[in-house]
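The values are calculated or read from the model by the stated rules, or taken from the named source; none is laboratory data. Just so you know, these numbers come straight off a predicted model, no measurement behind them. Positions of Cβ are generated from backbone atoms using ideal geometry, with glycine treated the same way; all protein chains shown enter the neighbour counts.
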Amino acid sequence: MAKLQAAGHSPNTIRLNKTVLSAVFTTALNDQVTFLHPCKGVKTPPVPKKPLTIITPEQFDALYLQLPDATSRLLVETAIESGLRWGELSELRGQDLDAARILTVSRAVVRVDPKFHPQGKRFLVKDYPKDRQYRRIKLSPQIVRKLQAYSADKALGRDDLL
């Protein structure tokens, strides 16, 4: 680690290198190739977390008005309201929203190389979100009304993608 620091590498690069090296040694340990894990106890320089940049209402309005249609605007509003990841948001279905305004996040879509997809496609639906745990999120009455109106307007069923 000291050599990487001396060479001017960032703390984040050093941490990522240690993670990869640690994975190699963990596999070697599990496969009984070695009985010691050289990465255990090795400290890396702290990686400072950058503060989130929050846009102003004026910046949001400028971006929002540039969206091509009402569906795109509803997608953005739902993303902001719920905090869902893109793969979770794009896999939402009518059945995921209940009468109590609770949204259950239980699936996600991921982009894969077609050679790794069972049918050779670019996207694969996983029956669990990224962290492998379902989440439940209470949505505001306003966004629920918009989602319900959109579903009714498009005649979407419970299993259809929103």
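In the range 122-135, what residues are within 18 Å of residue 104 (Cβ to Cβ) and either assigned to a loop (DSSP other than H, G, I, E, B) or at pLDDT 95 or above (or both)? Matches in the range 122-135: 127, 128, 129, 130, 131, 132, 133, 134.
Looking at residue 150, is it modelled with pLDDT of 90 or more, of a type in the set (Ser, Thr, Tyr) and over 21 Å from the mean Cα position of the chain (by Cα)? Yes.
Does the range 95-117 include one or more residues that are assigned to a loop (DSSP other than H, G, I, E, B), in contact (Cβ under 8 Å) with a residue 40 or more places away in the chain and surrounded by fewer than 15 Cβ atoms within 10 Å (Cβ to Cβ)? No, the range 95-117 contains no residue that is assigned to a loop (DSSP other than H, G, I, E, B), in contact (Cβ under 8 Å) with a residue 40 or more places away in the chain and surrounded by fewer than 15 Cβ atoms within 10 Å (Cβ to Cβ). Quick one: would you say residue 61 is of a type in the set (Asp, Glu), outside any loop (DSSP other than H, G, I, E, B) and without any contact (Cβ under 8 Å) to a residue 60 or more places away in the chain? Yes: the conditions hold for residue 61. Out of 44, 78, 19, one residue alone is more than 30 Å from residue 155 (Cα to Cα), in contact (Cβ under 8 Å) with a residue 40 or more places away in the chain and either assigned by TED's automatic domain parsing to the domain that holds residue 144 or among the polar types (S, T, N, Q) (or both). It is 44. The residues of the range 116-153 that are of a type in the set (S, T, N, Q) and over 20 Å from residue 87 (Cβ atoms), listed by number, are 140, 142, 148, 151.
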